[in-house]
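Reading through the structure tokens given below for one structure.
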Amino acid sequence: MPINWFPGHMHKTMETLKDQMKTYDLIINVLDARAIECSNNQDLLKIFNKPILNVAMKSDLSDVKEKPNILFVDINNKNKRKEIIKAVYKKLDEKIKKYQNKGLVKYKLNVIVVGIPNVGKSSLINYLINKKRLDARNYPGVTNKISLWKIDDSLFINDTPGVLIKRIDNDQVGYILGLIGCIKKELLPIDEVVKFGYEYLIKNYPDLMQKLFKSNKLSFNDFLIELCQKNKYFLPNNKYDFDRAINFLYHLIQTGKIGKISFDINNI
């Protein structure tokens, strides 16, 4: 590409986080379970010197269920909520003991949730506070300010807008972030992104592609032609509506309707 996407509100968010980082006791680093490595914002984490709990959201859309030091979460599974809260308290055990040694019965633990856009930060907070308070939608840029929520009498959690790394120099990383919805579609060379996604799926998930499209051997162009023919995607002049076919496949991948996949396979 490369992609440059660092709007003004993200500069403001970064500065706010730097100013307030002394008030946070723990960082919940939210990742997309379909692309653990690509959705991990190391540049953001470097501004903190705090314990980190890695949580992979959208695990119901990923064929990866376990990785060291990462909690995989499907918000449809209510049992994970207690596990996450328990993990937070375990990470903060040393700080809690310091409070207790000082004779403090009531204390406040301040946790902040960070991650790139649309990885599921607001969904995670709604899950943890057990209420639907935050707007959680399947596209980037919904959260635009830092907000504070109570989990229990001691534990408080802060939401932040998604902060993307300043620059993405690797085309494939940019394509993957686009395919999982972390970069706005309008900012992408969508033809190239979907072509990459199609070829990746053909290579790594041929059985899935065979099941969905009855073929796993077509070139991208031939696939688009077949998709247009099957779905009757035609322009008024009876030419193939390739844009519609491309957007159809993009939607299937981005929303997870394509099936359970992972973009962290080593042979990318």
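The values are calculated or read from the model by the stated rules, or taken from the named source; none is laboratory data. The model shown is predicted, which means the values in this text are computed figures rather than measured ones. All Cβ positions, glycine included, derive from the backbone under ideal geometry; neighbour counts span all protein chains shown. Please note that ligands, DNA and RNA were not included when accessible areas were found on the heavy atoms of the full protein model with its side chains. Shrake-Rupley method; radii C 1.70, N 1.55, O 1.52, S 1.80 Å.
Things to note:
- Taking the criterion of being of a type in the set (Lys, Arg) and not in a helix (DSSP H, G or I), the only residue of the range 169-195 that qualifies is Lys184.
- Tally, over the range 91-119, of residues that are open to solvent by less than 10 Å² (accessible area, probe 1.4 Å) and not β-branched (Val, Ile, Thr): 4
- Residue list for the range 157-166, filter: at pLDDT 70 or above and either within 18 Å of the chain's Cα centre (by Cα) or more than 15 Å from Ile27 (Cα to Cα) (or both): Asn158, Asp159, Thr160
- Residue list for the range 72-131, filter: of a type in the set (Val, Ile, Thr) and either under 27 Å from Lys184 (Cβ atoms) or in contact with a helix residue (DSSP H, G or I) (Cβ under 8 Å, 6 or more places away or on another chain) (or both): Val73, Ile75, Ile84, Ile85, Ile96, Val111, Ile112, Val113, Val114, Ile116, Val119, Ile125
- Meeting the requirement of 1 or more residues that are in contact with a Gly (Cβ under 9 Å, 6 or more places away or on another chain) and modelled with pLDDT of 85 or more, the helices (runs of 4 or more DSSP H) wholly within the range 47-156 are 121-129.
- Hey, Ile246 under 22 Å from Asp32 (Cα atoms), β-branched (Val, Ile, Thr) and surrounded by 16 or more Cβ atoms within 10 Å (Cβ to Cβ) or not: no
- Residues (under 13 Å from Asn118 (Cβ atoms) and surrounded by fewer than 20 Cβ atoms within 10 Å (Cβ to Cβ)) located in the range 42-59: none
- Count of the range 242-255 residues which are part of a loop (DSSP other than H, G, I, E, B) and within 14 Å of Tyr198 (Cα to Cα): 0
- Which numbered condition Ser262 fails, given (1) part of a helix (DSSP H, G or I); (2) of a type outside the set (Val, Ile, Thr); (3) modelled with pLDDT of 95 or more; (4) surrounded by 14 or more Cβ atoms within 10 Å (Cβ to Cβ): (1)
- Residue, nearest to Val64 (Cα to Cα), within the range 225-241, restricted to residues that are open to solvent by 70 Å² or more (accessible area, probe 1.4 Å) and assigned to a helix (DSSP H, G or I): Lys230
- For beta carbons closer than 7 Å, sequence separation of 6+ or different chains, a first residue in the range 173-197 that is under 17 Å from Lys257 (Cβ atoms) and a second that is open to solvent by less than 10 Å² (accessible area, probe 1.4 Å) and β-branched (Val, Ile, Thr), the qualifying pairs are Gly178/Val193; Leu179/Val193; Leu179/Ile253; Val194/Ile246; Gly197/Ile253.
- Residues within the range 196-216 that are in contact with a helix residue (DSSP H, G or I) (Cβ under 8 Å, 6 or more places away or on another chain) and either part of a loop (DSSP other than H, G, I, E, B) or β-branched (Val, Ile, Thr) (or both), tallied: 3
- Candidates in the range 65-83 are the residues that are more than 11 Å from Leu31 (Cβ to Cβ) and open to solvent by less than 90 Å² (accessible area, probe 1.4 Å); of these, the one that is farthest from the chain's Cα centre (by Cα) is Glu83.
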